[in-house]
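Okay, so here's the structure we're looking at.
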Amino acid sequence: MADNGKSSANVGSKNDKVKQEDKAGAPLEPVFKENHLFVSVNDYQWPIVYRKEYNLGFLGLEKLHPFDSAKWGKIFNILKGQLMVTEDTIVSPEEALEKDLLVVHVQSYLDSLKVNIGEAVPEWSYAVAGITEVPPVALLPNFIVQKKVLKPLRFQTGGTILAAKLALERGWSINIGGGFHHCSSARGGGFCAYADISLGIMFLRKMKLIKKAMIVDLDAHQGNGHERDFINMQKDVYILDVYNREIYPHDGYAKRGISRKVELESFTGDEEYLSLVKRHLTEAIAEFQPDIVFYNAGTDCLQGDPLGRLSVSPDGIIQRDEMVFEWARNSHSIPIIMVTSGGYQQKTGPIIAQSILNLRDKKLVSCEAAEEYIKRSR
Ligand SMILES: [Zn+2]
């Protein structure tokens with residue numbers, strides 16, 4: 001995710017791990033039994049999850065942040081313009097509510113996002129500003145922050161949880177948003193307010209739909225949020241993380257949660273990057289066979305990204321995504337969910353859209369019923 005390396009909010013409980021899991025055979029808790037996030041999906045809908053509420057309204061504050069706050073809408077509009085999808089052939093997710101977030105988050109952390117500056121203990125006052133890394137956000141009344149920043153992120157979080165289930169049903173899914181990999185159970189940072197990847201995995205585990213998950217985190221930054229969450233669960237959650245070692249977050253404690261760590265130097269280019277990704281995907285799957293792959297497909301490794309500081313070309317990004325889908329779907333038949341994570345240059349959205357179109361052209365993703373439906377309705 002986007003981060004400028006200067007701040008991260010550290011609030012809430014010291015217990016920075018996901019809560020203890022239920023004993024085997026225990027009945028499902030109400031949050032899973034009456035799960036409003038798992039909306040019903042028609043067979044003519046692509047397992048692509050998006051709604052316009054993903055996009056942030058920043059009241060002009062985006063000018064203070066190197067950030068395209070409409071990236072997600074751009075991706076959707078390009079896919080629509082290319083006639084891959086229509087409004088009714090993608091899946092619209094629900095907002096993750098507090099009861100959903102509590103599956104991973106501690107209450108004290110969620111409470112810390114609700115307070116206005118000056119109303120709480122000092123370290124909490126700046127929680128949201130620290131997470132978004134836009135200091136003036138701290139000066140906004142909390143109801144505006146809730147509406148303009150946190151609500152969109154909760155829709156994207158609901159999107160990841162839903163897409164996780166869709167991946168199991170369809171073999172693959174893409175949440176056009178999500179990938180908040182700096183946020184853990186008790187701590188946000190680097191524009192990540194909710195731990196959507198940890199939530200997706202824990203929903204599937206607690207609903208007994210999967211046991212083992214692999215996170216392939218190719219955002220330019222270390223994914224310290226999910227690493228902290230699963231630090232004591234490496235038997236069941238394997239993390240392959242490829243990141244620039246010279247940038248935020250330098251989270252040494254979280255590194256203990258990584259099963260396979262690939263640290264890059266600044267300005268690593270296509271050839272070295274792609275060959276490292278390929279080699280470590282092969283070696284990871286030889287070590288661990290998951291029931292699902294969570295692919296955190298950050299695009300801040302793109303050349304020119306002021307935060308990621310790597311030198312991967314647009315074509316390199318497209319080849320990378322193709323390689324990951326080919327590996328999961330064709331070589332190993334493992335369901336894969338992709339989330340888009342960091343990378344907010346103005347050109348980033350169009351590159352992600354091109355990459356999704358490429359996956360379709362290479363038949364690595366398909367939905368015949370949706371393609372038929374779109375043809376008929378034209
Ligand atoms: Zn990042």
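Would you please name the chymotrypsin sites (Phe, Trp or Tyr not before Pro) within the stretch 147-230 that are DSSP coil residues with at most 15 other C-beta atoms within 10 Å of their C-beta?
none
Past the 32 Å Cα-Cα mark, which pairs from Lys147/Lys206; Lys148/Lys235; Lys212/Lys362; Lys114/Lys165; Lys147/Lys255; Lys151/Lys375? Don't jump to the answer; show the numbers that get you there.
On the way: Lys147/Lys206 30 Å; Lys148/Lys235 39 Å; Lys212/Lys362 28 Å; Lys114/Lys165 29 Å; Lys147/Lys255 34 Å; Lys151/Lys375 35 Å.
Cα-Cα > 32 Å for Lys148/Lys235; Lys147/Lys255; Lys151/Lys375; rest within.
Two decimals is fine: what is log10 I(q)/I(0) at q = 0.12, 0.14, 0.19, 0.27 Å⁻¹ for the stretch 188-249, from a Debye sum with one equal scatterer on every Cα and no solvent?
The computed values of log10 I(q)/I(0) come out as -0.30, -0.41, -0.72, -1.26.
List the residues, sorted by chain then number, that are 5 or more residues from Gly298 or on another chain and whose placed amide H is less than 5 Å from its amide H.
Those lying under 5 Å, H to H, from Gly298 are Leu218, Asp219, Gly342.
Which of the three applies to the stretch 67-376, rounded, prolate or oblate, going by the alpha-carbon gyration tensor with a ≥ b ≥ c and a/c under 1.5 meaning rounded?
Rounded.
For the stretch 269-283, in order, what is each residue's ³J(HN,Hα) by Karplus, 6.51 cos²θ - 1.76 cosθ + 1.60 with θ = phi - 60°, in whole Hz (x at glycine and Pro)?
Along the stretch 269-283, the couplings run x, 3, 4, 5, 4, 5, 6, 5, 4, 4, 4, 6, 4, 4, 6 Hz.
Check which residues have an amide H placed less than 5 Å from Trp172's amide H, if you skip close sequence neighbours.
Sorted by chain and number, the residues that satisfy this are Ile336.
In Å², what does the accessible area per residue of the stretch 67-376 work out to with a 1.4 Å probe?
On a per-residue basis, the stretch 67-376 sits at 34 Å².
Could you sort Lys148, Lys208, Lys235 by accessible area so the largest value comes first, with the probe set to 1.4 Å?
The ordering from most to least exposed comes out as Lys235, Lys208, Lys148.
If you count the DSSP beta bridges with both ends in the stretch 67-376, what percent of them are antiparallel, to the nearest 5?
Numbers: 2 of 27 bridges.
Taking every DSSP beta bridge with both residues in the stretch 67-376, the antiparallel ones total about 5 percent.
Shape call for the stretch 329-378 from the C-alpha gyration tensor, a ≥ b ≥ c root eigenvalues: rounded (a/c under 1.5), prolate (a/b greater than b/c) or oblate? Show your work: numbers first, answer last.
Details: a/c = 2.49, a/b = 1.23, b/c = 2.02.
Oblate is the answer for the stretch 329-378, as a/c is 1.5 or above yet b/c matches or exceeds a/b.
Go through Ser311, Ser40 and list them by solvent-accessible area, largest first, probe radius 1.4 Å. Provide the component values of the computation, followed by the final result.
Numbers: Ser311 40, Ser40 110 Å².
Descending order: Ser40, Ser311.
Just the number, please: percent antiparallel of the DSSP beta bridges in the stretch 185-301, rounded to the nearest 5. Mind showing how you got there, number by number?
Numbers: 1 of 16 bridges.
That works out to approximately 5 percent antiparallel.
Accessible area of the stretch 67-376 with a 1.4 Å probe: how many percent of it is carbon plus sulfur?
Here it works out to 51 percent.
The values are calculated or read from the model by the stated rules, or taken from the named source; none is laboratory data. Quick caveat: nothing in here was measured; it's all calculated off a predicted structure. Please note: Cβ atoms are built from the backbone with ideal geometry, for glycine as well, and neighbour counts cover all protein chains shown. Surface areas here come from the heavy atoms of the whole protein model, side chains and all, with no ligands, DNA or RNA. Shrake-Rupley method; radii C 1.70, N 1.55, O 1.52, S 1.80 Å.
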